[in-house]
Amino acid sequence: MRAPDFGTPAAELYRAAIEMSAWADKRGFRDVNLLEHHASNDGYLPSPLVLGAGIAAATETLRIRTNVALLPLYHPLRFAEDAAVLDLISNGRTLFTVGAGYRVEEYEQFGLDIRKRPSMMEEALQAVKQAWTGEPFQFRGKTVRILPRPAQNPSPPLYLGGSAPATAVRAARFADGYEPLGPPDLYDLYVAECQKLGKTALPQPDNRARMVLFFHIAEDPDKAWATIAKHAMHETNEYGRWAATNSASPYSKISDPDQLRAPCMYEVVTPEDAVTAITERRGALFKPLMGGMPPALGWESLELFESKVLPRLGD
């Protein structure tokens, strides 16, 4: 939901996001992923639960995922309340992956100390899970009870995302599942920690389709790239500015947009090549509003997927 000055205004992006989600809902897409960042130069998406509620009201089957919500930046009980309401609006179609974030600016914006991330995350994970039971529990020395309960019974899945070994250990102790954002062996560590605790490790999400930073279908990829390039440059360079504090980031600052057109980076492909790529990866992740690009261009990609790719994918 980035809205740089040269791109699409934020109001148009948010309307398009809901309309595109409704389109995806009717065509069998599995889920919509909502990210979160603050203190950005272009608006990013600071309120995934609010956007999720708008999408929930316009869809029937699409699963709504935060991926990731920056849990330590919320009051734990307020996150539990808002997430429960979103789960009710969607009739139980939510999955919450949360993370701690890595940017000092975000913590400073809310008057928080980033060095306290681990303890803040552990407190919040425990509080959210207890809150969703609807039963009284102790929180910061007081007895509290949070209602309404979510639609899902016993509660929506609560995954922890992370790129360091400590996050795998924390996920085993306090979360329902783990979504590693770093080396593959992190998930193995999570499984081992679950075994130590006598818990069953939830399956790791299949992220092969997510490994592509941007996927777009066009009859003339070079012509489409001429419009897309400045938005891709903006996105990758903004992430690149942040990457110094995030070793797991796939982004780095670049000066030549053609550097971005590589496998698993910014892929702009014909319908025929899209069939091959989606079949090999067993899925596709679309970002049709990437970097504030025009919704009309995103719609062209989605409509080509529907008319020329989806019919050839079979089961």
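The relative contact order of segment 216-297, computed from alpha carbon pairs under 8 Å that lie at least 6 residues apart in sequence, is 42 percent. Once you sort the root eigenvalues of the Cα gyration tensor of the chain as a ≥ b ≥ c, which label holds: rounded (a/c under 1.5), prolate (a/b larger than b/c) or oblate (the other case)? Verdict is prolate for the chain. The accessible area of K223, taken with all protein chains in place and a 1.4 Å probe, comes to roughly 150 Å². Ranked from largest to smallest solvent-accessible area, with a 1.4 Å probe on the protein heavy atoms, S255, S21, S163 come out as S255, S163, S21. Considering only P72, A151, G101, the residue lying farthest towards the positive end of the dipole of segment 10-156 is A151, judged by Cα position with unit charges set on Cβ.
So for the chain, averaging the separation of alpha carbon pairs under 8 Å that are six or more residues apart and normalising by length, what relative contact order in percent results?
16 percent
Compute the helix-to-body angle for 271-281: its Cα long axis versus the longest principal axis of the chain, expressed 0 to 90° and rounded to tens. That works out to roughly 30 degrees. Note down the magnitude of the dipole of the chain about its Cα centre, charges +1 on Lys and Arg C-beta and -1 on Asp and Glu C-beta and zero elsewhere, to the nearest 20 debye. Dipole about the Cα centre, nearest 20: 1080 debye. Each residue of segment 10-156 gets 105 Å³ once the volume of the Cα convex hull is shared out per residue. Think of the chain as having a plus end and a minus end, set by charges on the Cβ of Lys, Arg, Asp and Glu; of I89, I18, L112, L112 sits farthest toward the positive end of this dipole.
Under the rule a/c < 1.5 gives rounded, and otherwise a/b versus b/c splits prolate from oblate, where does segment 180-315 land using the Cα gyration tensor? Oblate, because a/c is 1.5 or more while a/b does not exceed b/c. Taken over the chain, lysine pairs spaced eight or more positions apart, or on distinct chains, with alpha carbons under 26 Å apart number 14. Across the protein chains, with a 1.4 Å probe defining accessible surface, the residues T97, T167, T279 rank T279, T167, T97 from largest area downward. Per residue, the chain reaches -13000 deg cm²/dmol at 222 nm when only DSSP H runs of four or more residues are counted, each adding -39500 (n - 2.57). Over the chain, with every protein chain in place, what whole percent of the accessible area is carbon and sulfur at 1.4 Å, could you tell me? Result for the chain: 53 percent of the exposed heavy-atom area is carbon or sulfur. Looking at segment 209-291, the accessible area is 47 square angstrom per residue; that uses a 1.4 Å probe and ignores ligands, DNA and RNA.
Note on E303: accessible area approximately 100 square angstrom, rounded to 10, probe 1.4 Å, nucleic acids and ligands left out. Within the assembled protein chains, the solvent-accessible surface assigned to T200 is about 120 Å², based on a 1.4 Å probe. Using only Cα atoms and rounding to the nearest 10 degrees, what angle (0 to 90) does helix 76-89 make with the longest principal axis of the chain? Between helix and principal axis, roughly 60 degrees. Each part gets one Cα centre, and for segment 126-155 versus segment 72-109 those centres are 14 Å apart. Averaging Cα coordinates gives a centre for segment 170-187 and one for segment 223-282; these two points are 26 Å apart.
Here segment 1-55 is assigned +1 on the Cβ of each Lys and Arg and -1 on the Cβ of each Asp and Glu. Its dipole about the Cα centre then comes out at about 220 debye. Taken over the C-alpha atoms, segment 274-315 has Rg and Dmax values of 11.2, 33 angstrom. Shape class for segment 91-145, computed from the alpha carbon gyration tensor (a ≥ b ≥ c): oblate, with a/c not under 1.5 and a/b at or below b/c.
Using Cβ point charges alone (K and R +1, D and E -1), the dipole size of segment 10-156 about the Cα centre works out to roughly 420 debye. With all protein chains kept in place, the per residue accessible area of segment 10-75 amounts to 40 square angstrom at a probe of 1.4 angstrom. With no solvent and one point per C-alpha, what does the Debye sum give as log10 I(q)/I(0) for segment 42-103 at q = 0.12, 0.24, 0.25 Å⁻¹? Results for segment 42-103 at q = 0.12, 0.24, 0.25 Å⁻¹ read -0.28, -1.03, -1.09. Among Y187, Y178, the sequence by solvent-accessible area, most first, with a 1.4 Å probe is Y187, Y178.
The values are calculated or read from the model by the stated rules, or taken from the named source; none is laboratory data. Because the structure is predicted, anything quoted here is derived from the model rather than measured. No Cβ is skipped: glycine too gets one built from the backbone with ideal geometry, and neighbour counts run over all protein chains shown. Ligands, DNA and RNA are excluded from the accessible area calculation, which covers all protein heavy atoms including side chains. Shrake-Rupley method; radii C 1.70, N 1.55, O 1.52, S 1.80 Å.
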